[in-house]
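A.B. asks: The structure follows.
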Amino acid sequence: MILLVTPTDGSQKIVDCPEDVGAPEVARQQDVWLYRRCLSRSDAKERMTMNPPRHASLLLPLLALELVASDGRVTSPNIETIVQRMALARADNQVLLRPYSVTRSYTLLGKDGKDAKAQVLAQISFVPPSAKTFVIQRASGTAFGERAVRQMLEHETDIVKNHDSTEMSLANYEFRLVREEKCNGERCFVLAITPRRKDKALLRGHIWVDAATYLLQRTEGEPAEGPSWWLRDSRIIFTYGDVEGMWLQTASESTSNVRFVGRYTMLSQDIKYTVGKPGASAANAVRER
């Protein structure tokens, strides 16, 4: 594994990461505050060019807020530090975004949570910074499943046009550090999130923030405002992953009580990406995930 790391002096460098050691341990040994996994050394060099190191003065106020225990271990940063580093990591990720298309599967589960009532396959295309479109490629089962997927995708395309209004920032949320725990095999800070306004695009719940990259591993919560008269007691889970250097939402689970019908769960999973180069259309080499 190859890592692109940012040490505490604000520079960037490429290091080898043995599989039997793991990225978090290498990051600790290298005294870095942020790292990214790369496909190869050439991939890491390209990212350095696309995303030059930030001036050290931006990092020093954050690093100064960390506390060192008596035995030399670095303790958890405070909530202000975590939120500031989330903002930096989010901005860095925005720089790395490229055009892409993704094939995504949706499965609607019935009241028992087991039997598939509908299955939908959709193609979603994105061109930075804010153009997203979709096409339903195939649908089977109850017509309610396809209608629900269309509504979800229309909502997704609307959000990307004004992502500042929904991102995990102090403008939209209050944050509280709850605990630390592993998520997807990585050490994470679990933060409670409280929306600053009633908005169906904001969630009240928790996020799992990677302690090394400060990117989201998981989001779980309920809408700050009911999405519609038809849906009640909604619960949403988002999970994230690396897609050729971009950190994206790659799966979701949404559960709601549908009036006069009952409780249903919609699962989504990204299954194949087509990733372009910066400034190109989303129609280059296909790589299955």
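Derivation of every value follows stated rules applied to the coordinates shown; laboratory data play no part. All figures in this text were calculated on a predicted structure; none of them were measured in a lab. Cβ placement follows ideal geometry from the backbone for every residue including glycine, while neighbour counts extend to all protein chains displayed.
A.B. asks: Listed highest first by mean packing, meaning other Cβ atoms within 10 Å per residue, what order do 164-177, 116-129 come in?
C.D. replies: Values: 164-177: 15.5, 116-129: 18.0.
Descending packing order for the listed peptides: 116-129, 164-177.
A.B. asks: Within 14 Å, Cβ to Cβ, of Asn172, how many net charges do the neighbouring residues add up to if Lys/Arg are +1 and Asp/Glu are -1? Numbers along the way, then the final one.
C.D. replies: Values: positive: Arg90, Arg196, Arg197, Lys198, Lys200, Arg204; negative: Asp164, Glu167, Glu174, Asp199, Glu225.
Within the 14 Å Cβ shell, the charges total +1.
A.B. asks: Which one, Tyr173, Thr255, Val243, is farthest towards the positive end of the dipole of segment 100-288 when Lys and Arg carry +1 and Asp and Glu -1 on their Cβ?
C.D. replies: Most positive-ward Cα: Thr255.
A.B. asks: How big is segment 138-181 along each principal axis, measuring the range of its Cα positions in Å and listing the largest first?
C.D. replies: That works out to 43, 30, 14 Å along the principal axes.
A.B. asks: Another question, then. Can you list residues from other chains, or at least 5 along the same chain, whose modelled amide H is less than 5 Å from the amide H of Glu225?
C.D. replies: Asp199, Lys200, Leu202
A.B. asks: Now for a separate question. Can you list residues from other chains, or at least 5 along the same chain, whose modelled amide H is less than 5 Å from the amide H of Arg218?
C.D. replies: Close amide H contacts, sequence-distant or interchain: Trp208.
A.B. asks: When you count, for each residue, the other Cβ atoms within 10 Å and take the mean per peptide, how do 240-248, 130-138 rank with the highest first? Please report the intermediate quantities before stating the final value.
C.D. replies: Numbers: 240-248: 17.6, 130-138: 13.3.
Going by the mean number of other Cβ atoms within 10 Å, highest first, we get 240-248, 130-138.
A.B. asks: Now a separate question. Read phi for every residue in segment 118-135 and hand back ³J(HN,Hα) as whole Hz from Karplus 6.51 cos²θ - 1.76 cosθ + 1.60, θ = phi - 60°, with x for Gly and Pro.
C.D. replies: Computed from phi, the couplings for segment 118-135 are 7, 9, 9, 10, 10, 10, 10, 10, 9, 10, x, x, 8, 10, 9, 9, 8, 9 Hz.
A.B. asks: For segment 104-144, state the semi-axes of the equivalent ellipsoid (square roots of 5 times the eigenvalues of the alpha-carbon gyration tensor), sorted largest first and rounded to whole angstrom. Can you show the working numbers first?
C.D. replies: On the way: eigenvalues 142, 23, 9 Å².
Those come to 27, 11, 7 Å.
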